[in-house]
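The values are calculated or read from the model by the stated rules, or taken from the named source; none is laboratory data. Source: prediction; values computed, not measured. As a convention, Cβ positions derive from the backbone with ideal geometry for all residues, glycine included, and neighbour counts pool all protein chains shown. Areas reflect the complete protein model, heavy atoms only, side chains present, ligands, DNA and RNA absent. Shrake-Rupley method; radii C 1.70, N 1.55, O 1.52, S 1.80 Å.
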Amino acid sequence: MNIILPFFSGFLAAVIGIFPPGLINMTAAKVSISDGRKRALIFVLGALLVIFLQTYLSVIFAQYINQHQEIVVLLREIGLGIFVTISIYFLFFAKKPKPILENENLQLKSKRSRFFMGMLISAINFFPIPYYVLVSITLASYKVFSFEISSIYSLVSGVVIGSFTVFYCYVVFFDKLKSKTDYFVRNMNAIIGIVTGLVAVLTLINILNHYF
């Protein structure tokens, strides 16, 4: 299996998953503003260590699931229901979120141990685990990724480097990104609804291909 495709797939998946404003990247930006870029990058390294472990465990779990096709089909069917529900909620019922500058209330009390702070904040974020399980299984179903050791480490490396790229942009270019992040926040409901709707359509096609 070519290691290039898994690497760039992991890189792209990380950028898509992390670029919208979230706890880790916004905290990295705040650390950069309050303590400087060096401490912010130390914070980022701590977060990346946990992301590496989360991604690796997610791929190993996905490998087990992939070996049991009945579980894969069941997860796709459950996922379809979840994606449809999320799309309907965010497109029609969710309240419009406030811009970042009006909703920014993170407090950075201690300037010590930014590395461990990064690890802690990343560890309490459980989103990467189901996200990269789904990414791994989806990529494997399209023959872009295989559960060979070289392909696994290539995918995980792509995720880590993609995550670092996004975090670095927040640390270094936060002032320039404010307008972009505010745009994402204001339109987050529509963006999430459209993306999950597209994923739901792809999932439905995959399910129908399995049965027919």
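In region 132-144, the residues that are assigned to a helix (DSSP H, G or I) reach residues that are of a type outside the set (A, V, I, L, M) with C-beta atoms within less than 6 angstrom, at least six apart or across chains, in these pairs: Y132/T55; Y132/S58; V133/S58; V133/F61; I137/N66; L139/S9; L139/F145; A140/N66. Within region 72-85, the set of residues being β-branched (V, I, T) and either open to solvent by less than 50 Å² (accessible area, probe 1.4 Å) or modelled with pLDDT under 75 (or both) comprises V72, V73. Residue count for region 24-51 satisfying the condition of being more than 14 Å from Y168 (Cα to Cα) and under 12 Å from the mean Cα position of the chain (by Cα): 1. V144 satisfies every condition listed in (1) at pLDDT 70 or above; (2) within 17 Å of A28 (Cα to Cα) except (2). Determine whether S9 is among the polar types (S, T, N, Q) and either at pLDDT 90 or above or crowded, with 23+ Cβ neighbours inside 10 Å (or both). In short, yes. Give the residue, chosen from V166, V171, V195, that is assigned to a helix (DSSP H, G or I), within 15 Å of the chain's Cα centre (by Cα) and modelled with pLDDT of 85 or more. It is V166.
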